[in-house]
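Scroll down for the structure; my scribbles are underneath it.
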Amino acid sequence: MKDFFVSYNRADRAWAEWIDRELRTAGFSVVSQFADFAVGSNFVVEMDRATRECERMIAVLSPSYLAASFTQPEWAAFFAQDPMGLQRKLVPVRVRECEVKGLLGPVVYADLVDLDEDAARAALLAGVGRPAAEKAPPVFPGAAPRGRFPGVLPRVWTVPQLRNPLFTGREALLEGLAAALGSGRPAAVTQAISGLGGVGKTQLAVEYVYRHASEYEVVAWVRAETAATLAADYTGLAAPLGLPEATLAEQAAVVEAVRRWFEQHGGWALVFDNATEPGAIRAYLPRGASGHVLLTSRRRDWTGTAGALEVTTFERAESIQYLRGRLATLDEQLAARLAADLGDLPLALAQAAAFMEESGLAPAEYLDLLRERRREVLRRGLPADYPEPVATTWEISFERLEETSPAAAALLQFCAFLAPDDIPLDLIAGGGEHFPEPLATTAADPLALRDAVVAARRFSLLTVEGDALSVHRLVQAMLRDRSEPEAKKLWAAAAVERMAAVFPFREFQLDTWPRSARLLPHAIAAAEHAETLGVAGKPTSTLLNQAALYLGTRAELGSALRLLRRALVIAEAIHGLDHPEVAKRALNIGEILRKQGDLPGALEYAGRALDIFEAAYGPMHRDVAVVANNIGQILKDQGDLSGALEYARRALAIDEAAYGPEHPEVATDANNIGLIFQSQGDLAGALEYARRAMDIDQAAYGPAHHKVAIRANNIGQILKDQGDLAGALEYTRRALEIDEAVYGTKRPEVAILVNNIGSILWRQRDFTGALEYTQRALDIDEAAYGPAHPKVAIRANNIGTILRDQGNPSEARRYIRRALTIFEATYGPDNPTTKLVARNLASLDQQDSKPG
């Protein structure tokens, strides 16, 4: 006879393995399903044999164990042998919080909940006593190493949810997921859990990582619903992983560092929750098979990215089990009727149960109310993919919330016009001047605001994660749909006004970029609602413009252009076609088009801006000078240097008249004229204007100002073109010294100067030095902008050129091809810069094809 049979639910296998190991180590003989049942054997037969061959039984108590149907006969067999407990035939061991009732209630159990490993071991052994005879500790089955104690989470654990004690069913899905991930096949270590919203995809992922927590050293959770949350959560892993890049402000550099960590380490699980599409997360997926990746998504088309695991609604028996586990007095027949009316959708079941628990509404009354409201909900024209039972439940919950907490209802109405996730609480706090009542008063009172959040959370209409709120997208849709037309307009206007007031982006203030990234989804959502409802005014135009400028710095030029065109349409509708606000939008569109290489389009929009400013302010206004400078830049890019010079001189004349000849604005104009002379080959004229610009800025700002560094760098470039490489190096090094003192060594401004020094050294045939400086420039820009930014492409192309001249064509080709890939993706194949780099690569390929 064996000493113990270990009875457990599959949800607690890690605990069963630990208990098995500790009992064997203490000298007991043990039978456990995971160690002793043959694969493919008859489970019932094996269980019968185990209960007959073992003197005693360990019952691993947890909510899952007590809810399971197959565990009751196991412990009942041993209970029947010793109903008074005198021989301790049945030894319950509680491993998770649960209420032990019925026949098991009086049985004394060993309680391991919240104990560390040493205390848990002592409690277990005290509960079972010592073996009858001393035995040598056997080798653990399979000679496996000792795993981590199940009560201890991995050293890095960013799962935001607690384990759901009411998790029901899904055993086949969980086993299939574990088998796929554990297969070690590269195609299987990334699994996509897909299905309809509300079917419990996230809960399945949560349950999996808790069950298998002892198998990992790192379990990381990333909200992947939007680009902003995806990047923010992913970069947020840098600190717990101990990466030095965690302190960097440049998001893309941190993303790459985190990804590299996953690629170079094992023993981790990475969950992308609510992923939208493969393209959105591809840049974040670790390459290789050193860990496990889980995706949860409504999408099913993950072929080529992940293995597929589709989650459907509950089986009816699971729905009934879940409802009766939540509502103790609910009979099976009524539970079945409720499950049918709720479509067996786990989220709908959870919300229905929460509503009944909170409100005290009897299940039969709830069912009647649910059926009475269904047609009314359908008549409101819900989207075809809107789960009707869920919408009905949310409608009922929201009406009750309106009765109990009007402030919480108002809070949700505001959130309905933003993106669904990661709504910063400080977006609401302090925004009273933009909100209608009662939210205006609530937002000004921190305690009242928290009360409103708690009230909304109580009805499962809102979740809180740190400093952020999340509202399910279907809840948002229900809230918007149920509102009267004027109320919709009121809240849409409030959302866009608030976003316009707080969107922080400033191009040359890098500390505004992370906050801008976080608020971008909310800015876009608020603007879209305002436009759809016909309340898009000046705040909407302003918000779209700022969001577009931020996207422009990320080289997302197509997205930026679309937002700017919308901003222009709104400005035209508000002000008419010839207003200065319209000119500002047109000017920004022209700048994006110039970056895209559409110079005729850029010139058209800049020309329109110029006409508006001239008509509004006259020909000598400062805004006219700004546009004249922009047109000069476009003409310069087109190769019309005489036209460019004409406009640049016009800007200079306006600013000299407005400010006098020694003003910094005049320095900017003089500098631009110098650049045009340089392009014309008039290096003496270029040097004259560049020195004038530098003299003005030195007098205005002092010799160590960033503007002086710009002018010194420009002089260095002119001297380089003149062949005075020593002089060029002197001025460029001076510029670098200034900017390193002003900004530090890692800013993009510094990268420009470092790159230029590399260019001068290349001209001096110092290829080693040139490569060192240009690589440093590349490293800085990668950290600042990410690996796929046009500025990174410029540096990569330069490195390729140096490597080519150094006699390393294979490496040269790699860098130039990387540059070409970036330019093609950003600007398209017909952009002049793209074509230039393509010619560089083709030239390199032709050299290789020539006979030696």
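The values are calculated or read from the model by the stated rules, or taken from the named source; none is laboratory data. Since the structure is predicted, the reported quantities are computational estimates derived from the model, not experimental observations. We place every Cβ from the backbone using ideal geometry, glycine too, and count neighbours over all the protein chains shown. The protein model used for the area step is the full one, side chains on, heavy atoms only, and it has no ligands, DNA or RNA in it. Shrake-Rupley method; radii C 1.70, N 1.55, O 1.52, S 1.80 Å.
Brief remarks on what is shown
- Selection status of Ile715, more than 22 Å from Ala625 (Cα to Cα), within 46 Å of the chain's Cα centre (by Cα) and crowded, with 16+ Cβ neighbours inside 10 Å: yes
- Any hit, region 476-487, residues being open to solvent by less than 30 Å² (accessible area, probe 1.4 Å) and free of Cβ contacts under 8 Å to residues at least 60 places away in the same chain: no
- Taken together, the criteria exclude Arg299 from residues that are assigned to a helix (DSSP H, G or I) and either open to solvent by 20 Å² or more (accessible area, probe 1.4 Å) or among the hydrophobic types (A, V, I, L, M, F, W, C) (or both).
- Close pairs (7 angstrom Cβ cut-off, 6 or more residues apart or separate chains): farther than 9 Å from Val837 by Cβ and of a type outside the set (Gly, Ala, Ser) in region 811-827, part of a helix (DSSP H, G or I) and open to solvent by 40 Å² or more (accessible area, probe 1.4 Å) anywhere: Tyr827/Gln596; Tyr827/Thr833
- Screening Phe505 against (1) within 25 Å of Asp421 (Cα to Cα); (2) modelled with pLDDT of 90 or more; (3) open to solvent by less than 20 Å² (accessible area, probe 1.4 Å) leaves a single unmet condition, (2).
- Residue satisfying all of: in region 278-291; touching a Ser or Thr at 6+ places or on another chain (Cβ under 8 Å) and not aliphatic (A, V, I, L, M); surrounded by the most Cβ atoms within 10 Å (Cβ to Cβ) among these: Pro278
- From the list Phe70, Phe79, the one residue that fits, being at pLDDT 75 or above, open to solvent by 30 Å² or more (accessible area, probe 1.4 Å) and not β-branched (Val, Ile, Thr), is Phe79.
- Filter result for the condition that a residue is closer than 22 Å to Asn714 by Cα, part of a helix (DSSP H, G or I) and in contact with a Leu (Cβ under 7 Å, 6 or more places away or on another chain), over Asp637, Asp655: Asp637
- Ala77 more than 22 Å from Trp18 (Cα to Cα) and outside any strand (DSSP E or B): yes
- Here the helices (runs of 4 or more DSSP H) wholly within region 215-289 that include at least 2 residues being hydrophobic (A, V, I, L, M, F, W, C), under 24 Å from Thr745 (Cβ atoms) and without any contact (Cβ under 8 Å) to a residue 40 or more places away in the chain are 251-264.
- Taking the criterion of being out of contact with any helix residue (DSSP H, G or I) (no Cβ under 8 Å at 6 or more places or on another chain) and either modelled with pLDDT of 75 or more or surrounded by 12 or more Cβ atoms within 10 Å (Cβ to Cβ) (or both), the residues of region 361-385 that qualify are Glu365, Asp368.
- Verdict on Ser460 being more than 16 Å from Ser483 (Cα to Cα) and modelled with pLDDT under 75: yes
- Inside region 264-275, residues that are open to solvent by less than 50 Å² (accessible area, probe 1.4 Å) and at negative phi make up a count of 8.
- The helices (runs of 4 or more DSSP H) falling completely within region 508-604 include none with 2 or more residues that are modelled with pLDDT under 90 and buried (at least 23 other Cβ atoms within 10 Å of the Cβ).
- Among the candidates Leu412, Leu401, Leu418, residue that is of a type in the set (A, V, I, L, M, F, W, C), surrounded by 21 or more Cβ atoms within 10 Å (Cβ to Cβ), at pLDDT below 90 and not in a strand (DSSP E or B): Leu401
- Ala684 passes every criterion in (1) of a type in the set (Gly, Ala, Ser); (2) in a helix (DSSP H, G or I); (3) touching a residue at least 24 places away in the same chain (Cβ under 8 Å); (4) surrounded by fewer than 22 Cβ atoms within 10 Å (Cβ to Cβ) apart from (3).
- Residues of region 623-645 satisfying the condition of being in contact (Cβ under 8 Å) with a residue 12 or more places away in the chain and either open to solvent by 10 Å² or more (accessible area, probe 1.4 Å) or hydroxyl-bearing (Ser, Thr, Tyr) (or both): Asp623, Val626, Asn629, Asn630, Gln633, Leu635, Lys636, Asp637, Gln638, Leu641, Leu645
- Just one residue in the set Val45, Val108, Val39 is surrounded by fewer than 21 Cβ atoms within 10 Å (Cβ to Cβ), more than 46 Å from the chain's Cα centre (by Cα), part of a loop (DSSP other than H, G, I, E, B) and modelled with pLDDT under 85; that residue is Val108.
- Of the residues making up region 762-787, those that are among the basic types (Lys, Arg) and more than 33 Å from the chain's Cα centre (by Cα) are Arg763, Arg765.
- Of all residues assigned to region 13-25, at least one qualifies as being within 26 Å of Ser214 (Cα to Cα), of a type in the set (S, T, N, Q), open to solvent by 10 Å² or more (accessible area, probe 1.4 Å) and modelled with pLDDT of 85 or more.
- In the set Asp422, Asp481, Asp451, Asp445, only one residue is under 22 Å from the mean Cα position of the chain (by Cα) and acidic (Asp, Glu); that residue is Asp422.
- Among the residues of region 227-242, those identified as of a type outside the set (S, T, N, Q), under 18 Å from Asp467 (Cα atoms) and open to solvent by less than 10 Å² (accessible area, probe 1.4 Å) are Leu230, Ala231, Tyr234, Leu237.
- Residues satisfying the stated conditions in region 792-810, i.e. among the hydrophobic types (A, V, I, L, M, F, W, C) and closer than 15 Å to Thr833 by Cα: Val792, Ala793, Ile794, Ala796
- Among (1) part of a loop (DSSP other than H, G, I, E, B); (2) closer than 24 Å to Ser29 by Cα; (3) of a type in the set (D, E, K, R), the one test that Glu97 misses: (2)
- In summary, Ala726 fulfils each of the numbered conditions (1) under 30 Å from Pro787 (Cβ atoms); (2) hydrophobic (A, V, I, L, M, F, W, C); (3) free of Cβ contacts under 8 Å to residues at least 24 places away in the same chain with the single exception of condition (1).
- Residue check for Asn672: closer than 28 Å to Lys595 by Cα and either open to solvent by 40 Å² or more (accessible area, probe 1.4 Å) or touching a Gly at 6+ places or on another chain (Cβ under 7 Å) (or both): yes
- Only one of the numbered conditions (1) assigned to a helix (DSSP H, G or I); (2) in contact with a helix residue (DSSP H, G or I) (Cβ under 7 Å, 6 or more places away or on another chain) is violated by Glu662, and that is (1).
- Neighbours by Cβ (under 7 Å, 6+ apart or cross-chain): first from region 332-354, surrounded by fewer than 24 Cβ atoms within 10 Å (Cβ to Cβ); second hydroxyl-bearing (Ser, Thr, Tyr) and assigned to a helix (DSSP H, G or I): Asp344/Ser319
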